[in-house]
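All remarks here apply to the structure that follows.
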Amino acid sequence: MNELLRILLVNRDKVAMQNFEHILSRDEYLIHKATGSHAAIALLNGPEAAAAPFDVIIADLERDSLDESHFFQLCQRLQPTAEVILITDPLAVPNVVQTIRQGAFHYLVKPLRPAELRHSLAMAGEQSRHKQRQKGLRQELTSQQNTTPLLSRDPVMLRLLEQAKRAASMELPVLISGATGTGKEILARLLHDESPRAKRPFVAVNCGAFHEELLANELFGHGREAYTGAVRDRKGLIETAHGGTLFLDEITEMPLNMQVKLLRVIQEKELRRLGVTTAISVDVRFIAATNRSIRQEVDEGRFRQDLYYRLNVIDLHLPPLARRQGDIPLLVHHFLEKFAQRIHGHALGINRAAMERLQQHSFPGNVRELENIIQRAVAFSNGQEINEELLPDYLDKQKSYYFHYTNSRMLPLAEMEQQYILWVCEQMNGNQTLAAKVLGLDRISLWRRLKKMHSPLVNEDNDTREPPSSSSFAPHIQ
């Protein structure tokens with residue numbers, strides 16, 4: 001947020017109020033004034049404050065009818081995202097400290113030091129905006145939870161979800177690809193739940209969890225006396241899914257012999273149990289998923305091309321979490337809500353430092369890894385907000401860099417090189433000495449390349465800028 005901080009000054013002394021305004025005049029704020037606690041409460045309860053909440057309330061309640069504790073409780077009820085700074089006389093500090101323990105942001109002792117007030121105000125403003133972002137995320141989370149189990153604000157993911165909802169109504173096979181932990185089974189369930197088959201079974205099987213003979217038995221079932229110990233007929237998972245959906249996870253792990261049998265079921269809409277010659281008609285929608293490049297598996301002879309084309313009528317690809325880092329705060333609040341209620345019986349928040357640490361992590365385990373991290377943090381918390389100390393030590397302490405190729409056409413190598421050079425300069429905050437070091441160039445060679453590109457960086461001397469917080473730079477090219 002870049003809007004000016006909205007400040008409410010509360011003081012019965014008009015001269016003191018003018019002093020406040022004078023101290024704050026060197027910075028830009030939207031300042032509102034209330035002569036006493038009752039006027040402040042009326043303002044906080046009014047329509048203007050409801051439409052545009054205050055960020056910080058600075059209150060001096062000397063000679064006021066309300067004490068600090070009661071005033072703070074009313075502020076919390078009316079403006080829960082506002083931070084309260086209390087101004088107090090040295091003799092009244094013990095009373096104010098009690099209010100700080102209740103959750104007030106800070107207190108300042110008279111006579112005021114302007115620099116201390118401005119610093120406290122800046123810190124309180126950042127904390128208030130953090131609370132507002134969390135509140136917005138909770139509202140967005142509630143809205144999305146009513147429509148889809150896959151939460152996202154990422155444009156690529158939102159387009160994918162739209163495609164999935166359109167595909168759900170079609171009686172066509174779907175192939176879902178994506179790295180482990182991206183939510184392939186959740187997407188498969190969404191396709192089922194949004195389809196005309198929603199009231200029929202959804203059956204999931206991991207093709208990599210069984211060897212060939214056992215997988216055949218699981219999928220096709222068997223007849224009585226099909227093998228030693230088979231004393232009765234048994235339905236397989238394909239029959240169990242009749243009228244509904246069969247989700248074949250890790251389809252590329254299926255042995256080639258099994259792929260032939262599955263292909264026949266998809267084509268003929270019938271199967272034979274092991275040890276039985278009679279065919280059984282089945283009505284099943286097939287959804288398959290893989291964390292590998294199935295096209296490469298086909299090219300290298302490990303996956304049948306005809307089965308690939310049968311399954312890949314509709315293809316949906318789930319991007320890794322590293323490519324949708326804007327979703328991390330939304331997912332964090334989703335998992336906080338999920339686990340905090342279960343473990344502590346009430347909601348938990350997360351402080352800004354912990355959230356920033358999570359947003360800097362590359363998440364090779366994707367959404368599943370994030371879920372495990374939040375579950376662990378909630379379990380070890382004392383029922384208060386999540387902080388950095390509750391996050392695992394292995395989290396990246398340095399930022400992960402991702403250079404994305406998003407052009408709609410294939411670029412010549414020289415043009416791609418130019419884009420990468422500009423991107424590295426941007427990541428190094430315009431510091432050309434650091435950028436040259438990352439690129440393996442000397443400073444003059446980088447300057448010449450920037451000049452050839454007609455980059456405005458040629459005329460900027462940014463080598464005094466601070467480098468990124470990470471101590472090393474190892475980009476992931478995607």
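Of the conditions (1) more than 28 Å from residue 247 (Cβ to Cβ); (2) part of a loop (DSSP other than H, G, I, E, B); (3) without any contact (Cβ under 8 Å) to a residue 60 or more places away in the chain, residue 303 fails just one. Which one is it? For residue 303, the exception is condition (1).
Given 262, 215, 248, which one is aliphatic (A, V, I, L, M) and either outside the structural domain of residue 184 (by TED's automatic domain parsing) or outside any helix (DSSP H, G or I) (or both)?
Numbers: 262 fails: either outside the structural domain of residue 184 (by TED's automatic domain parsing) or outside any helix (DSSP H, G or I) (or both); 215 fails: either outside the structural domain of residue 184 (by TED's automatic domain parsing) or outside any helix (DSSP H, G or I) (or both).
It is 248.
Applying the criterion of being out of contact with any strand residue (DSSP E or B) (no Cβ under 7 Å at 6 or more places or on another chain) and closer than 15 Å to residue 251 by Cβ to the residues of the range 266-293, the residue that is surrounded by the most Cβ atoms within 10 Å (Cβ to Cβ) is 292.
I'm checking my understanding of the structure. Among residues of the range 61-104 that are closer than 24 Å to residue 18 by Cβ and of a type in the set (Val, Ile, Thr), which one is farthest from the chain's Cα centre (by Cα)? In this case the residue turns out to be 88. Out of all the residues in the range 323-379, which are buried (at least 17 other Cβ atoms within 10 Å of the Cβ) and on the phi > 0 side of the Ramachandran plot? Once the filter is applied, which keeps residues that are buried (at least 17 other Cβ atoms within 10 Å of the Cβ) and on the phi > 0 side of the Ramachandran plot, the range 323-379 yields 363, 366.
Restricting to the range 218-245, count the residues that are in a loop (DSSP other than H, G, I, E, B) and within 13 Å of residue 287 (Cα to Cα).
Going through the range 218-245, the residues in a loop (DSSP other than H, G, I, E, B) turn out to be 223-233, 236, 241-244.
From the residues that got through so far, the ones that are within 13 Å of residue 287 (Cα to Cα) too are 241, 244.
Residues that pass the stated criteria total 2.
Total residues in the range 173-212 satisfying the condition of being loosely packed, with under 15 Cβ neighbours inside 10 Å, in a loop (DSSP other than H, G, I, E, B) and of a type in the set (Gly, Ala, Ser): the figure is 1. The residue that is modelled with the highest pLDDT, counting only those in the range 46-60 that are over 17 Å from residue 21 (Cα atoms) and crowded, with 18+ Cβ neighbours inside 10 Å, is 53. Give me the pairs: first residue in the range 435-458 and touching a residue at least 24 places away in the same chain (Cβ under 8 Å), second residue surrounded by 12 or more Cβ atoms within 10 Å (Cβ to Cβ) and not in a helix (DSSP H, G or I), beta-carbon distance under 6 Å, and six or more apart or on different chains, which are they? As it stands, the answer is 438/473, since those pairs meet every condition given.
The values are calculated or read from the model by the stated rules, or taken from the named source; none is laboratory data. Please read these numbers as outputs of a predicted model, since none were measured by experiment. When we count neighbours, we look across all protein chains shown, and the Cβ atoms used for this are built from the backbone with ideal geometry, even at glycine.
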